[in-house]
1. Can you give the FRET efficiency for Arg10 and Phe340, using 1/(1 + (r/R0)^6), R0 = 45 Å, r = Cβ-Cβ distance, to the nearest 0.05?
2. Calculate, for Ala229 and Asp197, the FRET efficiency according to 1/(1 + (r/R0)^6) with r their C-beta to C-beta distance and R0 22 Å; round to the nearest 0.05.
3. Calculate the spin-label point distance for Asn415 paired with Thr103, positioning each point 7 Å from the Cα along the beta-carbon direction, and give it in nanometres.
4. For the stretch 223-337, count the residues as N, evaluate 2.2 N^0.38 Å, and divide the Cα radius of gyration by that value, please.
5. Treating each Cα of the stretch 1-102 as an identical point scatterer and ignoring solvent, apply the Debye formula and state log10 I(q)/I(0) at q = 0.14 Å⁻¹.
6. Based on a Kirkwood Rh over C-alpha pairs, give the Stokes-Einstein translational diffusion coefficient of the stretch 4-58 at 4 °C and viscosity 1.567 mPa s in µm²/s.
7. Check cross-link reach from Lys360 to the lysines: straight Cα distance under 28 Å, and skip same-chain residues fewer than eight apart.
8. So for the chain, taking the charge dipole from beta-carbon charges (+1 Lys/Arg, -1 Asp/Glu), which of His432, Val202, Ala297 sits furthest toward the positive end?
Amino acid sequence: MHHHLNVDRRDVAGVPVSANPVFTRPGEASDFPRFEMPAQPSLPETAYQIVRDEMMLDGNARQNLATFVGTWMDDHANRLYLEAADKNMIDKDEYPQTAAIETRCWTILADLWNAPDPTSAIGTSTIGSSEAAMLGGLALKRRWAERRKADGGTVGTPNLIMSSAVQVCWEKFCNYFEIEPRYVPVTEEHPVLDGHDLASYVDENTIGVVAIMGVTYTGAYEPVTEIAAALDEVQSKTGLDIPIHIDGASGAAIAPFLQPDLDWDFRVPRVASINMSGHKYGLVYPGIGWVVWRDAALLPESLVFRVSYLGGNMPTFALNFSRPGAQVLLQYYQFLRLGFEGYRAVQQNCQDVATYLSSKIGAMKQFTLRSAGTDIPVFAWQLTPGHTDNWNLYHLSAQLREHGWLVPAYPLPDNLGDQIVQRIVVRNGLSHDLAANLIRDLRECVEYLDSLDGPMPAPRVTDAFHH
Ligand SMILES: *Cc1c(COP(=O)(O)O)cnc(C)c1O
C-alpha cells in the first residue's frame, strides 16, 4: 500500500539537472546531481536559469480552472511583495507595523462579516484556511473541555459535526487532534448540510458544527440559518449550546459582496468563528488565511501564547512560528486598492463569467448541471444519464487538457459516490474572452468524443487535487 510520502525517485536518480550551456561560463558546471547538493557554488545567473526552466514545466495558471488560489496580482502588489519578502510575521518586535496592519485586516473582516462590535472581536492571519480552520476547531475543542470540566462531567472523546463534503482540512483536523468526525452524508434530498436530522448527531461531547460557505465539490452555500435553527431546537430540548464555525474559505470573500442580504455570518448569533483564505477570493498570492472570532471571549486564554513585542508581549495563536509577513501587507494593499466596490466588481465579474459558462454547458444535451455558479463562482455538471457509454467526464477532462485547460472530474462524496462531476472554478483573470474560447474547445472535444463508434479506453485517472 502507498501509505507514505516517499515518491519513487529511482528512475531519475542518475539523470543530472542540466543548465543550457549558453547560460554557463566556460569551465562552469552545467550538470548538477538531482538528489545531492552540488559540491561547489554556481553563478547566480546559472542557478536562476535552471530554476526558471524547471518552473516553465508547471502549467499555465490562467487555464487552471481546478484551483481556487490566486495567481495574479498587479504591478504595485508585485513591487510590495518584493520589498516585503524578508518580513517574518512572528517577529512582532522587528515589524510592529506589519503586526498593526494584521490587526487592521482582521478587524476589517470582522466588520465585513457583521461582528456586533468589531473592536471586541479577535482574529489572526494564518498560512491559509487549513491552519485557520484548525485554530477555529481548537478553540471549539478547548471551550467544550472547559465547559465539561466546569460542569463536573467527564471529558470523553470530542466530536465535530459536518457534511461529508467538507474540505480535506477538516479530516486532517480531526485526525491530528483526535476528534471524532461525525459526517452527515450528502444525498439527493439533502445535497448540503441543512440541519436535517442534525439532532441525532449531537451529544454532550459535540464541540461544534462546521457550516461550509462554498462547498468545494459544487460551490454551494450551506444554509447557516437552517443549521442554527436546528441547533436552537437541540438547545431547547437538551440544554446543549452547540456553536457553529463557518468554513468560508471562498464564500466569506464572496457573500459580503454578492449576497449582502444572506445571513450566514456573525448576524447569526450561534456563529462563533469564521475562516477565509486570503489567497482565494481574497485576491492575494498563496500563503494567507484568516480566522476571526465574534468576541475575544470565544478564544480561550489557555490557547494563547505571548511573543516579545517592543519590550512588552503580544498574544499569538498559531500552529506555525515563523511565516511570511508579506502576504498580510498584500492583503491590506488589496483592501485599500479595491475597497468594497472594487471587490464587488471583481467578484461580480467572476460570477457573470461563471453563469455564462454554466448556461452554455447546461444547454448542451450531453450535460446536466449540478450547480450554476450563483453562490460562489464555481459550478459542476454531470454527463446526462443515458447520453453515452462510450466516454465519461474523465475522458473529457483529458481531452481538454490537450487544449491546455485543467478541468478536473471526480466523484461526489460517499452516498453520491457513483456520480462523477466536472467542475470549473472561475477566478479573477478568467475573462469572458477566455471563457468563450473554453466553450469552443469544449464543444470540439465533445463532438470528437461523440463521433467515436466504440468505447474510449479506460481513462487514466490521476489523483484529482480538486479540493
Ligand atoms: C480551499 C478550502 C480549504 C483549505 O484552504 P487552504 O487555504 O487551501 O488551506 C478549506 N475549506 C474550503 C471550503 C476550501 O475551499
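Read-outs: derived from the displayed coordinates by stated rules, not from any lab. Just so you know, these numbers come straight off a predicted model, no measurement behind them. No Cβ is skipped: glycine too gets one built from the backbone with ideal geometry, and neighbour counts run over all protein chains shown.
1. The pair Arg10/Phe340 has a calculated efficiency of 0.25.
2. Computed FRET efficiency for Ala229 and Asp197 comes out at 0.95.
3. For Thr103 paired with Asn415, the spin-label model returns 4.7 nm.
4. That works out to 1.27 for the stretch 223-337.
5. The Cα Debye sum returns log10 ratios of -0.97.
6. Working: Rh = 12.4 Å.
It comes out at roughly 104 µm²/s.
7. Straight-line reach from Lys360, under 28 Å: Lys280.
8. About the Cα centre, the residue reaching furthest to the positive side is Ala297.
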